[in-house]
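Inspection log for the structure reproduced underneath, given as structure tokens.
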Amino acid sequence: MHQLPHDDPGTAEHGSAGRFLWWMAGQQWRTLAGGMCFGIVWMCAQAVMPAVIGRAIDQGVAAKDSTRLVEWALVLLGIGLVQAAAGIMRHRFAVTNWLIAAYRVVQLVTRQSVRLGGTLPRKVSTGEVVAIGTNDLSHIGQVMDVSARFAGAIVSFFVVAAILLQTSVTLGLVVLLGVPLLMLGVAPLLGPLQRRSAHQRHLMGRLSNTASDIVGGLRVLRGIGGEQVFADRYRRESQTTRAAGVRVARLQSVLDALQVFLPGLFVVVVVWIGARYAVAGTITAGELVAFYGYSAFLMIPLRTATEYANKVIRGRVAASRICRVLELEPEVSAPEHPAPSPPVGSDLVDTRTGLVVRAGLLTAIVSEQPDDSAELADRLGMAAAEVDDDVRLGGVPLPALDPVEVRERIVVSDTGSLFFSGRLGDGLDLTGRGDVRRALETASAGDILDALDAGLDTLVAERGRSFSGGQRQRLVLARALALDPEVLVLVEPTSAVDAHTEARIAARLRDHRAGRTTVVTSSSPLMLDAADTVAFLDGGRVVAAGAHSDLLATSAAYRRVVTRESEPDLAVSEVAP
């Protein structure tokens, strides 16, 4: 999904948390409606039970009429069966609603991540995305889950109020007016709870990001002895997050206490009024029992209403974080009218640096600053943070083409590329049509496959951590080669392998990519010697281009970068006979 739908919450006009929740509800209105219907039946069945019990007492027990008592007992049994069946279905719909909402959030964020591509890690931290997948989706699901019970609570409240009004206008008015007043008593807590929850959610995202950084760089931390420093940092941030969670819990505990205290107080008031009416003879003993049953039942709608308010607050906080991700726009967007596709076999030119990549050749880029050549490689594949018209394929600026076409024709594989967990064969052959065996042979990765008992069926651990750095780099190279794109840009593909392995890769790469355009950023003489042409980048411009041997003989700056010679050594070599 390269573009979110027009009515999708990912656009700015639909970016608010409230609109996101409404949009989510609209996407699953059928299951929500089903859950609400069964929730209403389930609650109303409970609501009418006190009335049936009261009638059984007055017409059966008090009147000593066994037949009427049995009749009302059967009615009560029927209502109980209806309640049980409705309760089962309500719960099934509640779980369904939770799962649909939660996994729809996963789908939205995943599709947006694919749509953003390289833009995502530059604008959103890893911890933020992780927090969405671990906490926020649960809060969104809970809003959809509680909606069915909340609908039942509202309807059953009016059902009870109507029954009480028929029996006693005073008690009916107490219910109709007292319940909203009790809800207003909880309202002042909701605003502070939302602010504290939002702050805690922000800290949790930051803490997840810190944990992700530590896990990702643990090997480096051990190498430099920085484990304790980062452990202390994580401890401080986790304690700050814990303190924020405690502040949320304090307010939450007050809200939970009010959920018990206020309904309990309401029960006392209703029972007290009903008892006075019973003593005065205004109502019967059965009606008094019914009043007590109503009062006890009303605790359920009251607690459900406060629970709904609480979960909506948490859901709004989660929705606001999700919307921030969905509102992001990729740095590279599809043009309204894409330019005609350049013919296959077109040259790739960067006018900013003066780089010319001839079609069908292996071109190497050398720079004293590896970051400069890596940045140029990203620009060649339209994967840089800033995209301009300087890079042209067959004379057509890359931004004028459909980004999907650019991604298919030009593939950039950098040193930070990793593997997802799963089957190794699936991670190497992304299209299902690649020649994986040949790619592994070119990348000199056959020994890796031979060492695995399950071969291509081996399950790869997260981020490919079960492989060493050199093995992972060779597998990443094999994956890129298996794609077999028209233009392949490789960033330092042999920086983590030994010289013998590098020599084999350099020799095989040229044959593997014969007739296809290949760009390699490297300062290794073994790789440069295998290239058809080498471009020397200095100060952001290509200052020399030609064969590796020619540049060694004619450019002192190039020779210094490639051979690592010092200035005195260069001076001596230049004056030597």
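The values are calculated or read from the model by the stated rules, or taken from the named source; none is laboratory data. Please read these numbers as outputs of a predicted model, since none were measured by experiment. Please note: Cβ atoms are built from the backbone with ideal geometry, for glycine as well, and neighbour counts cover all protein chains shown. Accessible surface is based on the protein model in full, side chains and every heavy atom, while ligands, DNA and RNA are left aside. Shrake-Rupley method; radii C 1.70, N 1.55, O 1.52, S 1.80 Å.
Observations
- Within the shell defined by Cβ-Cβ distances under 12 Å, the residues around Gly39 carry a net charge of +2, with Lys and Arg each +1 and Asp and Glu each -1.
- All other residues whose Cβ lies under 14 angstrom from that of Ala94 are scored, Lys and Arg at +1 and Asp and Glu at -1, for a net of +2.
- Near the amide H of Val460, within less than 5 Å, lie the amide hydrogens of Gly422, Arg423, Leu424, all on another chain or at least 5 residues away, with H placed in the peptide plane.
- Amide H contacts under 5 Å for Ser346, placed H, 5+ residues apart: none
- For the chain, the relative contact order comes to 15 percent (Cα pairs under 8 Å, sequence separation of at least 6).
- The range 355-424 shape via C-alpha gyration tensor axes, a/c threshold 1.5: oblate
- Prolate/oblate/rounded label for the range 245-319 (Cα gyration tensor, a/c 1.5): prolate
- DSSP bridge orientation in the chain - percent antiparallel, rounded to nearest 5: 45 percent
- Total formal charge among the other residues, if their Cβ is under 9 angstrom from that of Ala439, Lys/Arg +1 and Asp/Glu -1: -1
- Converting phi to 3J(HN,Hα) with the Karplus coefficients 6.51, -1.76 and 1.60 and the offset θ = phi - 60°, the range 150-161 yields 5, 4, x, 5, 5, 5, 5, 4, 6, 5, 5, 4 Hz in sequence order, with x at every glycine or proline.
- Derived scalar couplings ³J(HN,Hα) [the range 30-42; Karplus, 6.51 cos²θ - 1.76 cosθ + 1.60; whole Hz; x for Gly, Pro]: 5, 5, 5, 5, x, x, 5, 4, 5, x, 5, 4, 5
- For the chain, size of Cβ-based charge dipole, Lys and Arg +1, Asp and Glu -1, in debye: 3060 debye
- When Cys37, Cys323, Cys44 are compared by accessible area of protein heavy atoms, the largest-first order is Cys37, Cys44, Cys323, using a 1.4 Å probe.
- Amide proton proximity set for Asp538, modelled H, under 5 Å, gap of 5+: Val543
- Carbon plus sulfur fraction of accessible area for the chain, probe 1.4 Å, in percent: 59 percent
- The angle separating the long axis of helix 499-512 from the principal Cα axis of greatest extent in the chain is about 90 degrees.
- Pairwise Cα distances in the range 416-488 exceed 20 Å in 17 percent of cases.
- Taking all protein chains together and rolling a 1.4 Å probe, Ser66 ends up with roughly 80 Å² accessible.
- Considering all different alpha carbon pairs of the range 233-280, the Kirkwood hydrodynamic radius works out to 13.8 Å.
- Taking a ≥ b ≥ c as the square roots of the eigenvalues of the alpha-carbon gyration tensor, the range 255-375 is classed prolate because a/c is 1.5 or more and a/b outweighs b/c.
- Relative contact order, whole percent, for the range 440-577 stands at 17, derived from Cα pairs under 8 Å and 6 or more residues apart.
- Dipole of the chain, positive direction: furthest Cα of Leu424, Val387, Leu551, with charges on the beta-carbon: Leu424
- J(HN,Hα) series, the range 44-52, from Karplus relation 6.51 cos²θ - 1.76 cosθ + 1.60, nearest Hz, glycine and proline x: 5, 4, 5, 5, 8, 4, x, 5, 5
- When Rg and Dmax are taken over the Cα atoms of the chain, they come to 34.9, 130 Å.
- Our note on the geometry: Cα centres of the range 468-538 and the range 276-305, 82 Å apart.
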